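All remarks here apply to the structure that follows.
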Amino acid sequence: MTLVKRNYNNWNSLLEDFWGSVANNHSEKELNVPPVNIQENKEAFQLDLAAPGLQKQDFKLSVNEGLFTISFEKVNSPETKVEKMHRQEFSTQSFKRTFTLDEKIDAENISAKYENGILQITLPKKEEVKVPSKEISVL
């Protein structure tokens with residue numbers, strides 16, 4: 001670890017540096033956002049969202065005005081009484097992830113499946129419209 005000496009001319013720069021470092025040090029886990037892997041091939045983009053312990057009916061996927069949203073809303077259910085719980089670390093929390101779709105994505109044919117704790121979403125690419133070449137004669 002290296003000690004970095006900074007010269008703060010006023011309180012605003014000190015506060016900006018402090019709050020900027022606090023905001024940048026939050027991990028996705030602390031912000032309650034499940035991690036996503038995004039892959040691309042010739043036909044589609046593949047999103048893999050890690051969300052173990054949920055059911056496929058728990059997810060809500062929607063497309064609205066060029067935004068693709070994946071969400072899960074935790075519903076409080078009556079808890080079953082365990083005789084003597086010493087420690088409880090398992091929990092699920094609501095989340096929402098939103099991605100911007102560009103004009104290359106065929107939003108009408110997005111598909112998803114949930115298997116082994118991974119939500120796999122396929123975002124197919126649109127067929128490229130090819131304009132036939134044409135010779136133009138000069139008059």
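What to note about this one:
- On the stretch given as segment 111-139, residues that are basic (Lys, Arg) and in contact (Cβ under 8 Å) with a residue 24 or more places away in the chain total 2.
- Of all residues in segment 82-110, those that are without any contact (Cβ under 8 Å) to a residue 60 or more places away in the chain have Cβ atoms under 9 Å from Cβ atoms of residues that are among the small types (Gly, Ala, Ser) and part of a loop (DSSP other than H, G, I, E, B), 6 or more apart or on another chain, in Phe90/Gly53; Thr92/Ala51; Thr92/Gly53; Thr100/Gly66; Leu101/Gly66; Asp102/Gly66; Glu103/Gly66; Ala107/Gly66.
- Each residue in segment 80-123 was checked for being of a type in the set (S, T, N, Q), modelled with pLDDT of 90 or more and part of a loop (DSSP other than H, G, I, E, B), and 1 of them qualify.
- Filter pass, Gln57 being modelled with pLDDT of 80 or more and in a helix (DSSP H, G or I): yes
- Residues in segment 31-54 that are assigned to a strand (DSSP E or B) and free of Cβ contacts under 8 Å to residues at least 60 places away in the same chain: Asn37, Ile38, Gln39, Glu40.
The values are calculated or read from the model by the stated rules, or taken from the named source; none is laboratory data. Fair warning: this is a prediction, and the values are worked out from it, not measured in the lab. Neighbour counts are summed over all protein chains in view; Cβ atoms, including those assigned to glycine, are modelled from backbone coordinates with ideal geometry.
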